[in-house]
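The values are calculated or read from the model by the stated rules, or taken from the named source; none is laboratory data. Predicted, not measured: the structure shown is a model, and the values here were computed from it. Positions of Cβ are backbone-derived with ideal geometry, glycine not excepted, and every protein chain shown enters the neighbour counts.
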Amino acid sequence: MRLFIVRHGETSWNAEGRFQGQQDTELNERGMRQSEAAARYLAGHKFDAVASSPLKRALSLAEMIASACGVGAVEIAPGLTEINHGDWEGMLSSEASARWPRIMDMWRSEPHTVVMPGEGGESLRSVQLRAVPAITALASKYSGDVCVAAHDAVIKVLFCHFLNAPLSSFWSFQIANCGLSIVKLAQGKRPEMSLMGDAHFLDGSGKNFDLPEQKGL
């Protein structure tokens, strides 16, 4: 199967630089435009299914894509919910730094070592341990293309898994709102990424998902 992963559109908290985590924020006006552009870009593509985190900012995008592609109801995948930032949720980075300077320094330099402070706070490893099985379940259920709407931290820990990279590589990936990534998954074979975080379609550019197979370097 090929997995099309799209990060949700912008929210007001994205624009303000606040930690969102599992707070159920909604898309702002710009985020709606981004999501509509992503849905137009993918329109008509044959997906076996469209799946999403249950959070509204991702689910709204998934529903637009499903409608544009003639897919039925969106499948909810709780394992794709964004990381729980614990006590940081709703805070600006500067506010969290003032209260938890040591943990914030570790988050910036050694993110794989951090457990978010406060009740429910997660680590990158705990997110990966629920996100990977969610994708594996989709891969075992469908053989064709599947589209998934998810979140920044979830996508990055999935990239680490697909590329066999350590979670310390977390900050090596930068995914824009509504950035699109494509990875081919086949049982017994290593994942093959053909696209990572592409967002050129937000400017109305064309599309080509039938990428040629690479026979060698």
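Structural remarks
- Boolean, PHE162 is surrounded by 20 or more Cβ atoms within 10 Å (Cβ to Cβ), at pLDDT 95 or above and either under 24 Å from GLY9 (Cα atoms) or more than 12 Å from the chain's Cα centre (by Cα) (or both): yes
- Yes/no for GLY144 being surrounded by fewer than 17 Cβ atoms within 10 Å (Cβ to Cβ), modelled with pLDDT under 95 and not hydrophobic (A, V, I, L, M, F, W, C): no
- Among residues of segment 114-141 being within 24 Å of GLN23 (Cβ to Cβ) and among the hydroxyl-bearing types (Ser, Thr, Tyr), the one that is surrounded by the most Cβ atoms within 10 Å (Cβ to Cβ) is SER123.
- The listed residue being among the hydroxyl-bearing types (Ser, Thr, Tyr) and within 19 Å of the chain's Cα centre (by Cα), out of SER60, SER94, SER109, SER67: SER60
- Candidates in segment 70-84 are the residues that are of a type outside the set (A, V, I, L, M) and over 16 Å from the mean Cα position of the chain (by Cα); of these, the one that is nearest to GLY179 (Cα to Cα) is GLY70.
- Restricting segment 48-63 to residues that are hydrophobic (A, V, I, L, M, F, W, C) and out of contact with any Gly (no Cβ under 7 Å at 6 or more places or on another chain) leaves a set whose member that is farthest from ARG7 (Cα to Cα) is ALA49.
- Test: residue in segment 100-123 that is part of a helix (DSSP H, G or I) and within 20 Å of HIS8 (Cβ to Cβ): no
- Checking segment 100-108 against the condition returns a match, with at least one residue being closer than 26 Å to MET196 by Cα, of a type in the set (D, E, K, R) and surrounded by fewer than 14 Cβ atoms within 10 Å (Cβ to Cβ).
- Between ALA137, ALA150, the distinction of being in contact with a Leu (Cβ under 9 Å, 6 or more places away or on another chain), at pLDDT 95 or above and of a type in the set (A, V, I, L, M, F, W, C) belongs to ALA150 only.
- With respect to the stated conditions, GLN22 is in contact with a Leu (Cβ under 8 Å, 6 or more places away or on another chain), over 16 Å from SER181 (Cα atoms), touching a residue at least 24 places away in the same chain (Cβ under 8 Å) and not aromatic (Phe, Trp, Tyr).
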